[in-house]
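Below is one structure, written out as structure tokens; the observations come after it.
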Amino acid sequence: MAFLFLVVTLLVAPTIGSSEISLTRAFQGESPDREIFFYARLPRVLMAMLAGAALATAGVLFQALLRDALATPYTLGVSSGAALGAVIAISFGLQEIFQLSAIWFCSFLGAGLVLVLVLGIASEGRRISSFTLLLTGVTINSICLALILFLQSSTTFGRSLTIMRWLMGGIESEQTEVLIFLSAIVLPVCCVIFWRWREWNLLSIGDDWAATRGVPVKKAILIGFFAGSLLTGSITAFTGPIGFVGLIVPHALRLKLGADHRLLLPASALIGASFLIICDTVARTVTAPAEVPVGVITAMLGGPFFIWLLRSKRRSLWL
């Protein structure tokens, strides 16, 4: 069902926009329908699909590893770390020397370093406090934002504008080479995560529980955090920080499918892809011909959802 919904979304979304087009004329090579469909809308929809699938998968993975319903790349500060790494690359002009590979590498490195920092601060012996984890994520988000603003104010005017636009979190019509590059990262990493679903099921109960059932706990945790950071950093390098996808989609699906990662992980990837495609379609059409950054749309949906989830979790602790 989730796959069918994604297919329908992929077929319908490129036909929606400020300019009406005909798929028949587009596939027959007639202008401007061909250019609008194949060079403007379809690459953007495919980019949204990859980003949504990666962010939703990373959200499920972090929630399983940390056994915390509020753990996502955004709330943990991982997205902000990735953003800071990318901004460093932009500010110092590394992308002008090494092209997009510099932004991607710095973004991935920033995501990984921030994740290690957050986990180190929130750890209490072998336990990780959910409350401390959340506060640490908020604090790291603020620190990364302050550093980003400092770098933006210190760089040249042209690079400052690039950073400002990138920080809004948006989907662009990327070149085929970029889509292939991201697909070569996102798809294999997601497959590895799906394949190890049994380990995430056991780790979501507890490390000791998983260890007694043959799971190499340290190795599995290392693989999980590395995979989540790689997905988050890779997507953030090209889209900027887009929040709440890894929070809304997994929790909505848990109400329907339960907590079995054999079903939850692939369903989250498929629905996450559809969700971000729909959000981006709204972002580029609601104020057409102007556009709203898709990060604004996801924040408007995710903010209230996060507050509701936080209150629900606190209420369950009181009970």
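The values are calculated or read from the model by the stated rules, or taken from the named source; none is laboratory data. Keep in mind the model is a prediction, meaning the values are calculated, not measured. Cβ atoms come from the backbone with ideal geometry, glycine included; neighbour counts cover every protein chain shown. Protein only, heavy atoms only, side chains kept; ligands, DNA and RNA dropped before computing areas. Shrake-Rupley method; radii C 1.70, N 1.55, O 1.52, S 1.80 Å.
Results, tabulated for the structure shown:
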read-out: Förster radius 35 Å - calculated FRET efficiency between Leu117 and Glu35, Cβ distance, rounded to 0.05; value: 0.15
read-out: Angle between the chain longest axis and helix 2-12 axis [Cα atoms, degrees, rounded to 10]; value: 20
read-out: Alpha carbon centroid spacing (whole Å) that separates the stretch 1-52 from the stretch 130-200; value: 25
read-out: The stretch 1-67: translational diffusion in µm²/s, Stokes-Einstein, Kirkwood Rh over Cα pairs, 10 °C, 1.306 mPa s; value: 116
read-out: Longest segment of the chain lacking trypsin sites (Lys or Arg not before Pro) that sit in a DSSP loop with at most 16 other Cβ atoms within 10 Å; value: 214-319
read-out: Radius of gyration and maximum dimension Dmax of the chain, Cα, Å; value: 19.6, 65
read-out: Kirkwood hydrodynamic radius over Cα pairs of the stretch 162-319, then Stokes diffusion coefficient at 10 °C and 1.306 mPa s, in µm²/s; value: 90
read-out: Using alpha-carbon coordinates, inclination of helix 100-122 to the longest axis of the chain, degrees; value: 20
read-out: Equivalent ellipsoid dimensions for the stretch 216-264 as semi-axes, Å, which come from the Cα gyration tensor, largest first; value: 22, 20, 7
read-out: Translational D in µm²/s for the stretch 100-203 (Stokes-Einstein at 37 °C, 0.692 mPa s, Kirkwood Rh from C-alpha pairs); value: 194
read-out: Degrees, to the nearest 10: 245-257 long Cα axis against longest axis of the chain; value: 70
read-out: Exposure of Thr176 as accessible area (Å², to 10), given a probe of 1.4 Å and all protein chains; value: 90
read-out: Isotropically averaged projected area of the stretch 226-302, using the convex hull of Cα atoms (one quarter of hull area), nm²; value: 5.5
